[in-house]
Amino acid sequence: MNASVPVPVRPPRAHPAPAIFTLALAFALPGQCLADAQASPAPDAFANVGQMLSGLLAVLVLLIAALWLLKRFSTPARGNALLRVIAAAAVGPRERAVLLEAGGKIILLGVTSNNVHTLHVFGRDEFDLPAAVPASPAATFASRLRQALKGRRDAG
């Protein structure tokens, strides 16, 4: 007698149609593009070069304009610990009075477009500085955020 051998049952496989469709599409598209290219007349080579150069010129102009704007509106880094600008006030269209802290002294400077003059030098004990003068708007925001978070923790 013949003994029957059990046949393993495999789980159903994913449908092969998407893979076949993708493969067929990859082979069909280049042929279609070639057929379209052979049917149409040859494009003017100088027109394509002109288009390419005008696009390149537009990108270069945008890049130069962006760099100019970045340089114009960026603030200088404030990393020097020896000098600190305490306050500055515009006196005229191109003149400023600047209060500077340097080496334990407070210096009042008159700044014009042509030169800088020392107007007065104060000793550290002569001049009453505010407790904490933030160096930038970002520092002001950071201190206000810290105070708000501290107030929220204390209340909750």
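Odds and ends about this structure:
- Residue match in the stretch 113-121 (condition: surrounded by 12 or more Cβ atoms within 10 Å (Cβ to Cβ), assigned to a loop (DSSP other than H, G, I, E, B), at pLDDT 80 or above and among the polar types (S, T, N, Q)): no
- Pair list, Cβ < 7 Å and 6+ apart or interchain, from the stretch 127-152 residues that are under 23 Å from V85 (Cβ atoms) and surrounded by 10 or more Cβ atoms within 10 Å (Cβ to Cβ) to residues that are at pLDDT below 65 and not polar (S, T, N, Q): A135/R78; S136/R78; T140/P134; S143/P134
The values are calculated or read from the model by the stated rules, or taken from the named source; none is laboratory data. Keep in mind the model is a prediction, meaning the values are calculated, not measured. Glycine gets a Cβ as well: all are built from the backbone with ideal geometry, and neighbour counts include every protein chain shown.
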